[in-house]
Amino acid sequence: SWMVIRIALMIVGSLLLDQGTKWVVEENMRLGDSIKIIPDIFHFTYIINRGAAFGVLENQRLFFILAALLMSGCGLWALWKFRHYGCFFVYGVAGMIGGAIGNLLDRIRLSGVVDFLDFRIWPIFNMADIFIVCGAMAIIWSFWLEEKKERMIE
């Protein structure tokens, strides 16, 4: 159906954007390099993150691989089970799956994740992280909308 095609395009699109930006960084920067885009506010800083945000669970590669596989599997199940929740839910889950797979590929290939978006006041992150966070926000929004709709029916 058209919905399945849109979900697949969202997953593949987010995965390609994530992996493409990481490839550009890896091809054009050396590990540890930092390029000032807006001095003291935003830089491209190339690191390999072997943990989660803030360095939590550093070097727990197997844990993160299993977590990404579990997130992707649960996401596919949720897409089937809750597809009636609408586009925020569907695209949120698809973005999370694409982001999880993007970071999963890095962990398999490099035992860590390529991070490069550096706002100086926050841990360095990547496009996959953006898809995961924005996906989670879209899912929360969809649940709020669904609850609001149910209250209106009552």
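The values are calculated or read from the model by the stated rules, or taken from the named source; none is laboratory data. Since we're looking at a predicted model, the values are computed, not measured. With ideal geometry, Cβ positions are generated from the backbone for all residues, glycine too; neighbour counts draw on all protein chains shown. Accessible surface is based on the protein model in full, side chains and every heavy atom, while ligands, DNA and RNA are left aside. Shrake-Rupley method; radii C 1.70, N 1.55, O 1.52, S 1.80 Å.
Numerical summary
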quantity	calculated
From GLY98, GLY75, residue being modelled with pLDDT of 95 or more, among the small types (Gly, Ala, Ser) and surrounded by 19 or more Cβ atoms within 10 Å (Cβ to Cβ)	GLY98
Filter result (open to solvent by less than 40 Å² (accessible area, probe 1.4 Å) and more than 24 Å from PHE125 (Cβ to Cβ)) within the stretch 79-89	LEU79, GLY86
Cβ pairs under 7 Å, 6+ apart, first in the stretch 99-125 and on the phi > 0 side of the Ramachandran plot, second hydrophobic (A, V, I, L, M, F, W, C) and assigned to a loop (DSSP other than H, G, I, E, B)	ARG120/ILE41
Selected residue (only one of GLY92, GLY20, GLY13 is of a type outside the set (A, V, I, L, M) and free of Cβ contacts under 8 Å to residues at least 40 places away in the same chain)	GLY20
Some residue of the stretch 33-41 being more than 15 Å from the chain's Cα centre (by Cα) and open to solvent by less than 70 Å² (accessible area, probe 1.4 Å)	yes
